[in-house]
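Q: Below is a structure I'd like to ask you about.
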Amino acid sequence: CTRDRCQRLDLRGNTRNCFLTGSPDYSRSFISKGQRCLLSVSNREAYKNAHRSLGRFCLQSSRPLREKTASLQISSVGQLPCHFSALNIQIIRSFRTSLSFQAAPVPLFWIIVKPAQKLLAIILGRSIRNWWKALPPNKREHLKESARKNKWKILLGASSLGVLFIVFYFTHLEETPITGRARLLVFGKEHFRELSQMEYDMWMEEFKSKMLPEADARYQVVERVVGHLSESNKDIPQISALKWVIHVVDEPGVNAFVLPNGQVFVFTGLLDAVSDVHQLSFILGHEIAHVVLEHAAEKASLVHFLDFLSLIFLTVIWAICPRDSLAVVGQWIQSKLQEFMFDRPYSRTLEAEADKVGLQFAAKACVDVRASSVFWQQMELAENIQGQPKLPEWLSTHPSHENRAEHLDRLIPEALKIRESCNCPSLSGPDPRLIFRLNMQHLLESSKDQETPNSTKRELSKPKQDFPHT
């Protein structure tokens, strides 16, 4: 096949042209449908009353962008493979759904000020410690006695500061569009417009020589899928208000992300990784969901709030630790506690929410939503074949592939009801989850069958050992 045509590798090692050739049948059978689906009146009212600020959404592999990645394709045509060789499969690296480097997570002013704030907190804490060490013993005792006498005043002052943070938190709570979840939102869409344009210019400069032309079949299918998703969900204000612009980058990374201003970036590595148009539609629905739900502004708001709280703890750590080395260790422990107790769990929550809403978007577009969990099972299989170590989920910013697939399986019945209410054509063919399961069973059986004769052959060809005479 030529480079402009997508290929996929089934379990037999055969290459087949996949849907990315942009055939007219795809347009007729997938995009054209009798009626567009609108949400219920209650949901539309929730959208109208929800905050409509734009957020930033990213979907990316956890590996660096330039890391070489290849695709593992699972045949879903209902035919079981005759044999399998691990050498015939190219493995997809871990697929994640947010950028490890966020180019514009908070307003530019706070990006610049944040390091200065931490430096001032360290200097203040260290100055307090040195001042205390320099005091004569009698003055130290006097200050301790004074603190004991005024402990209620000190406690009242500390409580007042805590009340201010609590009031600030609850006065900045808003409802998430669609889901209605309460969340802290300090920054709105006005804070991200200019920064989104700056980030867009950065990506365009980096990938200017790798952008596929509009005439490319891969570009056309991405444009068609995004256009179909946006048209099918145009009743949502955050979707209809944006102009979605497509950019397909000729990069092997399994990666895609969407900026708050509607700029969609998809890597060709992702197009090689998906098995069919339904998986691609779900992934891009997940991308769009991040923007609609304003997850970038929400995450930036949480980081901003926690940073202010951490300045207090940072000052205290440098004030009470007797040596700088201990203070550095205490600061590292404090940052890790914040990361694993707040940042990473919160990121996993946002990813799960985007999966749920993205699945709804795909259902309204008449996508076979059952393919969504198969994609993450393929990612799980790829990591297992490659032998990548499995880290506990609490160490990651994303749910594990296995848990993600299970979560989607629980959501699929509801998504099928949404699809049915949109007058979508009935799903034909077997369940792709069943096909995947049968393929895996055949894969295991083939591996066992190949392992037995190979082990016997190795035993027969094993040279006899010559032991020295005594």
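Q: Any idea which of Phe257, Phe305 is buried (at least 18 other Cβ atoms within 10 Å of the Cβ), touching a residue at least 60 places away in the same chain (Cβ under 8 Å) and not aliphatic (A, V, I, L, M)?
A: Phe257
Q: Something else: Kindly establish whether Trp318 is closer than 20 Å to His295 by Cβ, part of a helix (DSSP H, G or I) and either under 16 Å from the mean Cα position of the chain (by Cα) or at pLDDT 90 or above (or both).
A: So Trp318 does not fit the description; no.
Q: Let me ask another. Considering each residue of segment 112-162, count those that are outside any helix (DSSP H, G or I) and out of contact with any helix residue (DSSP H, G or I) (no Cβ under 9 Å at 6 or more places or on another chain), and give that number.
A: Summing the residues that are outside any helix (DSSP H, G or I) and out of contact with any helix residue (DSSP H, G or I) (no Cβ under 9 Å at 6 or more places or on another chain) in segment 112-162 gives 2.
Q: Among what's in segment 360-402 and is crowded, with 23+ Cβ neighbours inside 10 Å and β-branched (Val, Ile, Thr), pick the residue that is farthest from Leu337 (Cα to Cα).
A: This residue is Val367.
Q: Can I ask one more? From the list Val374, Val357, which residue is at pLDDT 95 or above and within 26 Å of Gly253 (Cβ to Cβ)?
A: Val357
Q: Looking at Leu185 and the list (1) modelled with pLDDT of 90 or more; (2) in contact with a helix residue (DSSP H, G or I) (Cβ under 6 Å, 6 or more places away or on another chain), which single condition is not satisfied?
A: With respect to (1) modelled with pLDDT of 90 or more; (2) in contact with a helix residue (DSSP H, G or I) (Cβ under 6 Å, 6 or more places away or on another chain), Leu185 is out only on (1).
Q: Give Arg344, Arg419 a once-over and let me know the one that is open to solvent by 20 Å² or more (accessible area, probe 1.4 Å) and in contact with a Ser or Thr (Cβ under 7 Å, 6 or more places away or on another chain).
A: After ruling out the rest, the residue left standing is Arg344.
Q: Mind checking which residues of segment 231-241 are in a helix (DSSP H, G or I) and aliphatic (A, V, I, L, M)?
A: Of everything in segment 231-241, just one residue is in a helix (DSSP H, G or I) and aliphatic (A, V, I, L, M), namely Ile239.
Q: Do we find that Lys299 is assigned to a helix (DSSP H, G or I), among the charged types (D, E, K, R) and open to solvent by 20 Å² or more (accessible area, probe 1.4 Å) in this structure?
A: Considered against the rule, which asks whether it is assigned to a helix (DSSP H, G or I), among the charged types (D, E, K, R) and open to solvent by 20 Å² or more (accessible area, probe 1.4 Å), Lys299 comes out as yes.
Q: Here's something else I'd like to know. Regarding segment 298-314, can at least one residue be identified that is under 18 Å from Leu242 (Cβ atoms) and of a type in the set (Gly, Ala, Ser)?
A: no
Q: Shifting gears a bit: In segment 347-359, which residues are open to solvent by less than 40 Å² (accessible area, probe 1.4 Å) and β-branched (Val, Ile, Thr)?
A: Within segment 347-359, just Val357 meets the criteria.
Q: Please go through segment 114-134 and pick out each residue that is surrounded by fewer than 13 Cβ atoms within 10 Å (Cβ to Cβ) and either of a type outside the set (Phe, Trp, Tyr) or at pLDDT below 90 (or both).
A: Pro115, Ala116, Leu119, Ile123, Asn130, Lys133, Ala134
Q: Does segment 198-230 hold any residues that are open to solvent by 30 Å² or more (accessible area, probe 1.4 Å), assigned to a helix (DSSP H, G or I) and over 18 Å from Ile283 (Cβ atoms), and which are they?
A: Those that are open to solvent by 30 Å² or more (accessible area, probe 1.4 Å), assigned to a helix (DSSP H, G or I) and over 18 Å from Ile283 (Cβ atoms): Met198, Tyr200, Asp201, Met202, Met204, Glu205, Glu206.
Q: Looking only at segment 157-167, decide whether some residue is within 22 Å of Thr349 (Cβ to Cβ) and at pLDDT below 90.
A: Yes, segment 157-167 contains a residue that is within 22 Å of Thr349 (Cβ to Cβ) and at pLDDT below 90.
Q: To continue, here is another question. Among the candidates Arg323, Arg370, which residue alone is over 28 Å from Pro430 (Cβ atoms) and among the basic types (Lys, Arg)?
A: Arg323
Q: Here's something else I'd like to know. Just to check your reading of the model, which residue among His407, His398 is farther than 22 Å from Gly227 by Cα, outside any helix (DSSP H, G or I) and not acidic (Asp, Glu)?
A: His398
Q: Does Glu339 count as over 19 Å from Leu229 (Cβ atoms), open to solvent by 10 Å² or more (accessible area, probe 1.4 Å) and assigned to a helix (DSSP H, G or I)?
A: yes
Q: Kindly check whether there is at least one residue in segment 313-324 that is free of Cβ contacts under 8 Å to residues at least 12 places away in the same chain and either hydrophobic (A, V, I, L, M, F, W, C) or farther than 30 Å from Asn423 by Cβ (or both).
A: Yes - at least one qualifying residue is present in segment 313-324.
The values are calculated or read from the model by the stated rules, or taken from the named source; none is laboratory data. Predicted, not measured: the structure shown is a model, and the values here were computed from it. Note that we place each Cβ from the backbone using ideal geometry, even for glycine, and neighbour counts take in every protein chain shown. To get the accessible areas, we keep the full protein, side chains included, count just its heavy atoms, and leave off ligands, DNA and RNA. Shrake-Rupley method; radii C 1.70, N 1.55, O 1.52, S 1.80 Å.
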